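Please read the structure below before turning to the comments.
A short reminder: the numbers here are calculations on the coordinates, not readings from a lab. Since this is a predicted model, take the numbers as computed values, not measurements. Please note: Cβ atoms are built from the backbone with ideal geometry, for glycine as well, and neighbour counts cover all protein chains shown.
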Amino acid sequence: MTGNTEKENVSVDYFESGHRACGGCGPALAGKLIARAAGPNTIIVASTGCMEVFSTPYPETAWKTPWIHSLFQNAAAVASGVEASLKRQGRDEKVIVIAGDGATFDIGMLCISGMFERGHDVTYICYDNEAYMNTGIQRSGATPFDASTTTSPAGKLSNGNSRPKKDIPAILAAHGSPYVATTSIATPKDLMDKVKRALSIKGPCYIQVHAPCCTGWGFDGCKTMELGRLALNSGLWVNYEMVNGVVEKVKKVKRIPVDDYLKAQKRFRHLYRPQENKDEIAKIQAIADSNAQKYGIDIPVKK
Amino acid sequence: MKVKLAISKPTVGASGKTGSWRTFRPVVSHETCTKCGNCYRFCPDAAIDTEFNIDYDFCKGCGICVEVCPKSCIKLIREDE
């Protein structure tokens, strides 16, 4: 939230206005910031998802950089091919993959694993809106514990999604990736810095961007940044950097209870209506606590 | 035979003028603005330039700029007013 626009030294956006994202869309902001950080000398590979659908209605596109989309599952494989071809031709364009959490966590896992194992010089960016939003809010591997989606609906016999979020950064760090980071659209400077750093590092890098989705999560479009900040402050989302598999930099916060974050969203409404489900909220609080302990995000309080 | 490839061309407003979606119009008060750049940075539609003028052709009126403004110098006004 700090820094002047002059310092960032950007005058052109490579992701233009007029795309068909919802008002207050988190992924659209992620796309804008990634394009701003990457600059003109970039080739973007996209998988199917919200970002592909809202930014490129045929025959027009909102991207001013070369952009290619093939299938849902093979963005990483396409990027590998593009990178190999550029290398053969001796060109220096940077290759970025922008994929959603469905394409990264579930459908594209095989190709991503291949790309990281072969060690292509590609930056893989996943905008994580925690479900398949484009097709109507189905649960994915990124959906958090107890979130209600159309394929994990909350009701008398269910409290929503029964499984916790998959830890993809750890999986990709285990592939030997030199740089794995998580960031959020609520921290745009951090996001742009991490994209620039990943692009400067040779080898397959991974960045996961937390991007609140007003339609899927059920909140007013103007609250997108607030939700991003609440997720960070509650400990349910952690901004960190892993270099060669070791966690280096972690964003420390003064932690707040998860209630503020949960209450703001329709997908967690069943935890508070008709009466407060204390057991389930305690389980979500335990996830936040274990995150805080694992990454050490708590600012020590002087006594 | 001429083969036609499915290539999209970059245009401003790939989905037309999205400003028509708007119910509330954000208006910047340049007198109280401290030029922190938050609105420029956070606008998901890239509709705010570095001089903090809002492009009403493409602003969808989501209200993020109003929320992130530390000086509260952006106000939402109903379109029909």
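For the pair A:Tyr58 and A:Asp13, label points projected 7 Å from Cα toward Cβ lie 2.6 nm apart. For chain A, take the longest principal axis of its alpha carbons; what is the angle in degrees between that and the long axis of helix A:109-118, to the nearest 10 within 0 to 90? Rounded to the nearest ten degrees, it is 50.
Of the chymotrypsin sites (Phe, Trp or Tyr not before Pro) in the stretch A:243-303, the ones in a loop by DSSP (not H, G, I, E or B) with at most 16 other beta carbons within 10 Å are A:Tyr272. Positive end of the dipole of chain A (Cβ unit charges, origin at the Cα centre): among A:Tyr14, A:Gln138, A:Pro66, the Cα lying farthest that way belongs to A:Gln138.
Diffusion coefficient of the stretch A:11-64 by Stokes-Einstein, Kirkwood radius over Cα pairs, 10 °C, 1.306 mPa s: 139 µm²/s.
With all projection directions averaged, the alpha carbon convex hull of the stretch B:8-81 covers 5.2 nm². Pairs of lysines in chain B whose Cα atoms sit within less than 26 Å of one another amount to 9, provided the residues are eight or more positions apart or on different chains.
To the nearest ten degrees, helix A:26-38 and the longest principal axis of the Cα atoms of chain A are 30 degrees apart.
Is the stretch A:1-147 rounded, prolate or oblate when judged by the Cα gyration tensor, a ≥ b ≥ c being the square roots of its eigenvalues, rounded requiring a/c under 1.5 and prolate requiring a/b larger than b/c? List each step's numbers first, then the result.
Numbers: a/c = 1.55, a/b = 1.04, b/c = 1.50.
Cα axes put the stretch A:1-147 in the oblate bin.
Overall dimensions of the protein assembly as shown, expressed as equivalent-ellipsoid semi-axes from the Cα gyration tensor (√(5λ), whole Å, largest first), are 30, 28, 21. For chain A, the longest principal axis of the Cα atoms and the long axis of helix A:278-295 meet at an angle of about 40 degrees.
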